[in-house]
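Below you'll find the structure, written out as structure tokens, and then a few comments.
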Amino acid sequence: MPSIWKLRSGEDIPASISSIASELGITELIAEVLWNRGFTSAKDMDLFLSPGLRNLCSPSEIPGLENAAEVLAKGIAEGKKFAVWGDYDVDGVTSTAVVKSFMEERGIETLHHLPNRLEEGYGLNIDGLKRLRDQGVELLLTVDCGITNNEEVAAANEMGMTVVVSDHHLPGDVLPPAAAVCDPRLETCGGEGCACPCANLAGVGVAFMLVAALNRLLPGDPVDVREYLDLVALGTIADVVELQGQNRILVKNGLLLLKDAKRPGIAALKVVSGYDMFAAIGAGQVGFGLAPRINASGRLGDPEKALELLMSGDMETARPIATVLDQLNTDRRKEEDEILEQALEQAEKLVKAPHNRAGLVLYSPDWHPGIIGIVASRVVEKHYRPVIILCEEDGIIKGSARSISEFHLHEALTGMSDLLLSFGGHKLAAGMSLDPANLENLKNRFHEAVVDSIGEKPLKPTIKVDRELKLDEINYVLLKEIELLQPFGMGNPEPIFITPPVTVMERRVFGGSHVKLTIADTDNTRRLPAKAWRQAEALGSELIGKKMRFAFSPKIDNYRGVPTIELTVKDHSFKI
């Protein structure tokens, strides 16, 4: 869908930018990019470009963490049998792996429980707790979950367990009755502007900070917890939290360990994802290569294989597990494509007369509950409208919702909570369940909520661009400097530039829906290749020879080991 192009910052670049760039040894262009993102001094820019671990906040700054570490240390000293309860997504699996790896190095036996998404759902459940009790567990740590499991924590207490909750999700009005609760969002100010510098940590970030604190309390020689930063980077990137501040420090340093691939499971995962075992990879490769293979295990049912991979002690063990996860991901992608085709077919009807739906509710009883969230994101990408996708399990309709920046999904669902059995989430993503009898009402109420909030007329997405960039300004020096801004993701978007008017010289479709172009400046002195993913239909062969502008991100493509410059097209315009 064509987008509105908007400059990232409307402020003028100061004359001092030249001296700042000179002081830091970077080009003025990169200094401009940083300035437009709010880094307005050489000190701020330097901290962003060089996020060393020395700048990491103290674990004690996370609310409740010191108490949580003390409770765990006391329980371990008393010989209580210990278990960790995680989650089935990448954040939950890596959180569990961090805790188990640490405890193993410290010589502490650790049981674990990762809930089956299809059979148990998210968070703690009574049956799972009973199984742990029957195995003699007396000390339980939750990671990436538990902050809203008040009833389940109370039940664990009744079973004789000492429970410590570590989580990063928003707490409810009443905290669970655990012996200790640590969560960086306990000090939120309405969800925004939290005083805690670690407010945006993923669950694995909280788990890492917790074992770092526990490391100092346990008897014996401490271990080097920095060895777990590869797992922290993997989970943090996959959980799509803001890659600024503390998360940037953790991920930037964790990516170095992912490159080294000393952990057999990571090495095997990189290979099946199509990367060299020791290749440097960025957040994009983690998010679209490694993470989906870990996620596939949990999405399609049992996350144990993913944890087993990350805990593998040698390549002989890791390789076959990575192969299984790769196949699961292939199966997941195939099913995703099938569901997406059906969902888009429904959506195409709903956006047209006589329906003219501003909010889309799409439903099929047979869609896979572990995949519909991904599909919802793709439908939003196509139509730029809030979307709920629903399926049915055991007579209950369950769904995932994704939104656009202008529409607060959680607030809307709160306004129709009378139709729902349960729901949770935030502004841009949510999950829910409902009785089938309420389906038609949900469709109408969701549409009305969207109209009331943003109007009946469909909105266009906005792309924030950094500045115009001529083709002859794009070189390897610039691209190497752009790499300094990595990792890119939520809170730290990849720089996007716009071309002056250029001519489309060549066009070739690949992969069915993608297109590769060759574009040239107006006097044909510089040509560059450009790839546009899933835009073959929008960028047809009639464009050859025409002048147009592109919004793009420049990259170094290392296909077959030969570095070449190419552009990744985000959008196009015929306004020149």
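The values are calculated or read from the model by the stated rules, or taken from the named source; none is laboratory data. Note that the structure is a prediction, hence the values are computed from the model and not measured. Positions of Cβ are generated from backbone atoms using ideal geometry, with glycine treated the same way; all protein chains shown enter the neighbour counts. In case anyone asks, the SASA skips ligands and DNA or RNA and just uses the protein heavy atoms, side chains included. Shrake-Rupley method; radii C 1.70, N 1.55, O 1.52, S 1.80 Å.
Things to note:
- The stretch 366-413, relative contact order [Cα under 8 Å, separation at least 6], %: 36 percent
- A DSSP coil position with no more than 12 other Cβ atoms inside 10 Å describes the following GluC sites (Glu not before Pro) in the stretch 385-468: E456.
- Ordered from largest to smallest accessible area (heavy atoms of protein chains, 1.4 Å probe), the residues F497, F510 come out as F510, F497.
- Per residue, the chain exposes 44 Å² of accessible surface when a 1.4 Å probe is rolled over the protein heavy atoms with every protein chain present.
- Only one residue of P495, P461, G512 has its Cα farthest out toward the positive end of the dipole of the stretch 455-550, where Lys and Arg carry +1 and Asp and Glu -1 on Cβ, and that residue is G512.
- Full extension of the chain between E406 and E393 gives 1.6 nm of extra length, using 0.36 nm per residue less the Cα-Cα distance.
- Within the stretch 519-576, chymotrypsin sites (Phe, Trp or Tyr not before Pro) in DSSP loop having at most 13 other beta-carbon neighbours inside 10 Å: W533, F574
- Whole-Å distance, taken between Cα centres, linking the stretch 7-30 and the stretch 204-258: 32 Å
- Here each label is just a point 7 Å from Cα along the line to Cβ, and for K546 and V509 those points are 1.6 nm apart.
- Put a plus charge on the Cβ of each Lys and Arg, a minus charge on the Cβ of each Asp and Glu, and nothing anywhere else: the dipole of the stretch 45-85 about its Cα centre is then about 240 debye.
- Positive dipole terminus of the chain, leading residue within I396, V324, A532 (C-beta point charges): A532
- Residue-wise HN-Hα coupling along the stretch 231-236, computed from phi with Karplus coefficients 6.51, -1.76, 1.60 (Hz; x: Gly, Pro): 5, 5, 5, 4, x, 5
- 5 angstrom amide H check on H572, placed H, neighbours 5+ away: S3, A551
- Calculated from backbone phi, Karplus (6.51, -1.76, 1.60) coupling profile of the stretch 275-286 in Hz, x at Gly/Pro: 10, 5, 4, 10, 6, 6, 10, x, 4, x, 5, 5
- Share of pairwise Cα separations in the chain, more than 30 Å, in percent: 56 percent
- Added length on full extension, which subtracts the Cα-Cα distance from 0.36 nm per residue, T323 to Q342: 3.9 nm
- Here the spin labels are modelled as points 7 Å beyond Cα on the Cα-Cβ line, and at L175 and D523 they lie 6.7 nm apart.
- Debye log10 I(q)/I(0) for the stretch 427-576, one point scatterer per Cα, at q = 0.10, 0.14, 0.17, 0.21 Å⁻¹: -0.50, -0.80, -1.01, -1.36
- In sequence order, calculated HN-Hα J values of the stretch 494-502 (Karplus, 6.51, -1.76, 1.60; Hz; x Gly/Pro): 4, x, 10, 10, 10, 7, x, x, 10
- Cα shape, the stretch 269-320, gyration tensor, a/c 1.5 rule: oblate
- Summing Cβ point charges (Lys, Arg +1; Asp, Glu -1) relative to the Cα centre of the chain gives a dipole of roughly 1900 debye.
- Between the amide H of L7 and those of V465, distances stay under 5 Å, these residues lying 5 or more places away or on another chain, with hydrogens modeled in the peptide plane.
- Mean residue ellipticity, 222 nm, helices only, the chain: the sum of -39500 (n - 2.57) across DSSP H runs of n ≥ 4, divided by residue count and rounded to 500, is -11500 deg cm²/dmol.
- Under 20 Å from the N356 label point (7 Å along Cα→beta-carbon), backbone N, the stretch 421-451: 443-451
- The GluC sites (Glu not before Pro) of the stretch 101-131 that meet both conditions, a loop assignment by DSSP and at most 15 other Cβ atoms within 10 Å of the site Cβ, are E109, E119, E120.
- Residue (of V206, P264, I237) at the positive-pole extreme of the stretch 164-269, dipole from beta-carbon charges: P264
- Here the chain has 49 percent of its accessible surface on carbon and sulfur atoms, given a 1.4 Å probe and all protein chains in place.
- As a calculated quantity, the FRET efficiency between T40 and F574 at R0 = 45 Å, using C-beta atoms, amounts to about 0.80.
- Rounded Å value of the spacing that divides the Cα centres of the stretch 103-173 and the stretch 515-536: 53 Å
- Between the amide H of V509 and those of K516, distances stay under 5 Å, these residues lying 5 or more places away or on another chain, with hydrogens modeled in the peptide plane.
- Using a Förster distance of 41 Å, the FRET efficiency for D314-V451 (Cβ separation, nearest 0.05): 0.10
- Charged-residue dipole, Cβ positions (Lys, Arg, Asp, Glu), the stretch 118-217 about Cα centre, Debye nearest 20: 360 debye
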